[in-house]
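The values are calculated or read from the model by the stated rules, or taken from the named source; none is laboratory data. Note that this is a predicted model, so its numbers are computed, not measured. Here Cβ is always computed from backbone atoms with ideal geometry, including for glycine, and neighbour counts include all displayed protein chains. Please note that ligands, DNA and RNA were not included when accessible areas were found on the heavy atoms of the full protein model with its side chains. Shrake-Rupley method; radii C 1.70, N 1.55, O 1.52, S 1.80 Å.
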Amino acid sequence: MLSLFGPRLPIDRDEFEWQLATFKWLRLEFGSAARLLVLPSPAFFPASSSQGHERIADLFEHVRAAAGMEDWPCELQAGRRDRPAQVGPALFLRHEDAPAPCGTFQITGEDGIPKVVITYNPELTTDTTAMIATLAHELAHYLMSTAATDPPGGWDLHELHTDLAATWMGFGIFLANSARNFSQFQSDGLQGWSSRTQGYLSEQALVTGLAIVERLYGRDPLAAAPFLKTYLESDLRRTTKALARSHPDIPAAVDAVDLAEYGAS
């Protein structure tokens with residue numbers, strides 16, 4: 001039961017219990033062995049002298065290795081780029097179509113031979129954190145495509161499941177840090193602030209998922225704190241305290257979930 005006093009979880013009861021159900025489903029589908037917490041460090045992502053697509057391809061191989069999917073056949077391609085909004089010192093365009101996705105996952109093929117293609121938005125090339133989060137999310141799509149049963153709540157929620165799957169795979173720090181970005185810009189005599197959102201779950205949901213996963217693997221969630229944005233670090237600390245009060249045994253809480261209540265089959 002969620003605590004009425006002291007630190008409280010940053011998401012509501014229904015979303016929290018759905019997260020527990022999703023993590024149970026992931027463990028049943030893909031195994032319960034502990035996965036590493038992937039850190040933004042040279043141990044996971046060595047420096048590369050490559051540029052452009054070759055650099056992203058190098059990064060992708062490190063993401064695949066950290067995910068334990070280096071032997072899963074797939075092709076990486078540069079996808080659609082964001083259309084420019086500013087075309088001059090005082091002229092901006094309003095695009096009626098949807099912005100380019102951060103990445104895509106697709107299974108194609110001919111003559112019955114499947115081919116997996118993952119794409120990335122080239123606009124993310126200079127944002128390593130966002131690129132890693134994108135590649136991890138698309139690999140989570142790949143992993144989930146092999147599931148034998150439906151996830152909690154059904155496939156209509158698959159993008160939300162995929163964010164949690166990438167967190168469960170060890171990439172929670174990257175997803176949380178890239179979920180929302182604000183930056184200052186100055187160009188052609190203009191200056192101001194720009195913002196970008198990425199992924200499907202909120203920052204608070206991702207931090208909660210990160211804390212659950214670390215507790216599920218028997219680790220201290222606060223080991224991730226130094227690698228998060230300052231305000232997300234504070235959220236993680238509060239979430240960790242709230243979990244300790246309301247759900248001191250996360251593995252037992254996950255095991256206790258009845259997936260039939262979520263339509264999982």
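Which order do 35, 180 take by accessible area at a 1.4 Å probe, largest first? Kindly include the intermediate steps, with their values, before the conclusion.
Working: 35 50, 180 100 Å².
Highest to lowest solvent-accessible surface, that is 180, 35.
Would you tell me the accessible area of residue 255, worked out with a 1.4 angstrom probe on the heavy atoms of the protein chains, in Å² to the nearest 10?
It works out to around 100 Å².
Can you sort 54, 17, 159 by solvent-accessible area, 1.4 Å probe, largest first?
The ranking, largest first, comes out as 54, 17, 159.
Please give the solvent-accessible surface of residue 137 in Å², to the nearest 10, using a probe radius of 1.4 Å with every protein chain present.
Here the residue's solvent-accessible area equals roughly 20 Å².
At q = 0.26 Å⁻¹, what log₁₀ I(q)/I(0) does a Debye calculation on the Cα points of the stretch 7-61 give, no solvent, two decimals?
With one equal scatterer per Cα and no solvent, log10 I(q)/I(0) is -0.98.
If amide H atoms are built 1.01 Å from N in the plane of the peptide, which residues on other chains or at least 5 residues away come under 5 Å of the amide H of residue 77?
118, 119, 120
Need the full-extension length gain, residue 117 to residue 149, defined as separation in residues times 0.36 nm minus the C-alpha distance. One decimal, nm.
Working: separation 32, 0.36 × 32 = 11.52 nm, distance 2.30 nm.
Going from the current span to full extension adds 9.2 nm.
With every protein chain left in place and a probe of 1.4 Å, what is the accessible surface of residue 237, to the nearest 10 Å²?
Residue 237 exposes around 100 Å² with every protein chain in place.
Between residue 47 and residue 219, what is the label-point separation in nm under the 7 Å Cα-to-beta-carbon projection?
Modelled inter-label distance: 2.6 nm.
Could you check the spin-label model distance between residue 61 and residue 256? Points 7 Å from the Cα along Cα→Cβ, value in nm.
Each label point is offset 7 Å from its Cα along the Cβ direction, giving 4.7 nm.
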